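Chemist: Please read through the structure below; I'll follow up with questions.
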Amino acid sequence: TDVGTYDMGVKAEDFTNVSSNFTVTFQVVDGALEITPVTDEVTVTVTEHEDSVMYDGKAHTVSGYDVSISNGLYTEADFSFSGDDTVSGTDAAIYEMELKSADFENLSDNFTNVTFVIVDAELTIDPAPLTVTTESASKIYDATALTAGGTIEGLMPGETVSFAVTGSRTDVGSSANSYSLVWNGTAKKSNYDLTANIGTLTVEELAITVTVTGNTGSKMYNGSEQAV
């Protein structure tokens, strides 16, 4: 079946003269079966496994690969693999498996022209959504600052940042209820996709009534112009 030379193994003693009319000597020239290797190129396409997940603070792993072979006589048993087909990651990023053709070796003498083609894939960990919301508020002007609260949602358990709502308005008008977010805790900025919903602080005019009362006076007529 496999490549090689297979002697027929016929021997002189396998033959017996059955005629009394002849003295016979049997000289055997043995035959053989020769099977030569396949010289046409065999292409082994190795496609790395892949996965895409959202960051959740946990480690994720992808391993293994799929194989497609251009010649049906050549199988996965005919080559060996000596690389690392596992890739792991926790933070949001793209992690390449990075298999190489040199990781694979043809073991079969039946094929002399085997090419390994790698189709790269990766483990992708996408940033998780992080939402900052600052509230809207309004009031009538009273000479004191108007403020409102806010929330931050989406941080993974155990991860921290410094978050504060900083918006403030005293005078009449409108302005954004701003915030401060500092990545000085255990959370990494690159692991999150930030969305900010910003509220508005509105101070409305205070309606007042100013009553003006003129002074009054009374004098006896004296022929001169009088004034109050």
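Read the figures in this text as sums done on the coordinates, not as results from a lab. This one's a predicted model, so the numbers in the text were calculated from it and none came from an experiment. With ideal geometry, Cβ positions are generated from the backbone for all residues, glycine too; neighbour counts draw on all protein chains shown.
Chemist: Scanning region 63-72 for residues that are out of contact with any Phe, Trp or Tyr (no Cβ under 8 Å at 6 or more places or on another chain) and in contact (Cβ under 8 Å) with a residue 12 or more places away in the chain, which turns out farthest from E122 (Cα to Cα)?
Modeler: Looking only at region 63-72, we keep the residues that are out of contact with any Phe, Trp or Tyr (no Cβ under 8 Å at 6 or more places or on another chain), and these are 63-70, 72.
Remaining after also requiring in contact (Cβ under 8 Å) with a residue 12 or more places away in the chain: 63-70.
Numbers: S63: 10, G64: 11, Y65: 11, D66: 14, V67: 16, S68: 19, I69: 22, S70: 24 Å.
Across region 63-72, the extreme among qualifying residues is S70.
Chemist: Keeping to region 75-99, report how many residues are under 24 Å from H60 (Cα atoms) and either touching a residue at least 60 places away in the same chain (Cβ under 8 Å) or among the hydrophobic types (A, V, I, L, M, F, W, C) (or both).
Modeler: So the first thing to find is which residues in region 75-99 are under 24 Å from H60 (Cα atoms), and the list is 81-99.
Right, trim to either touching a residue at least 60 places away in the same chain (Cβ under 8 Å) or among the hydrophobic types (A, V, I, L, M, F, W, C) (or both) and you get 81, 87, 91-94, 97, 99.
So the count comes out to 8.
Chemist: Counting just the residues of region 115-135 that are in a strand (DSSP E or B) and touching a helix residue (DSSP H, G or I) at 6+ places or on another chain (Cβ under 8 Å), which one comes out nearest to A176 (Cα to Cα)? Please lay out each step first, then the result.
Modeler: Filtering region 115-135 down to residues in a strand (DSSP E or B) leaves 115-119, 122-126, 128-134.
Going one step further and asking which of them are touching a helix residue (DSSP H, G or I) at 6+ places or on another chain (Cβ under 8 Å), we end up with 115-118, 128.
Numbers: T115: 63, F116: 60, V117: 56, I118: 53, A128: 26 Å.
Taking the candidates together, the pick is A128.
Chemist: Quick one: count up the residues across region 27-48 that are closer than 18 Å to T1 by Cβ and part of a strand (DSSP E or B).
Modeler: Looking only at that region, the number is 6.
Chemist: Mind listing just one residue for me: the one in region 190-228 that is of a type in the set (S, T, Y) and in contact (Cβ under 8 Å) with a residue 24 or more places away in the chain and, of those, nearest to S180 (Cα to Cα)?
Modeler: Filtering region 190-228 down to residues of a type in the set (S, T, Y) leaves 190, 192, 195, 200, 202, 209, 211, 213, 216, 218, 221, 224.
Then drop every residue that is not in contact (Cβ under 8 Å) with a residue 24 or more places away in the chain, which leaves 190, 192, 195, 200, 202.
Values: S190: 17, Y192: 16, T195: 14, T200: 16, T202: 20 Å.
The qualifying residue nearest to S180 (Cα to Cα) is T195.
Chemist: Among the residues of region 61-94, which ones are within 18 Å of the chain's Cα centre (by Cα) and either within 16 Å of V42 (Cα to Cα) or part of a loop (DSSP other than H, G, I, E, B) (or both)?
Modeler: Matches in region 61-94: G64, D85, T90, D91, A92.
Chemist: Also: Cβ-Cβ below 7 Å, separation at least six or inter-chain, first residue in region 100-114 and in a helix (DSSP H, G or I), second among the β-branched types (V, I, T): which pairs?
Modeler: S101/I118
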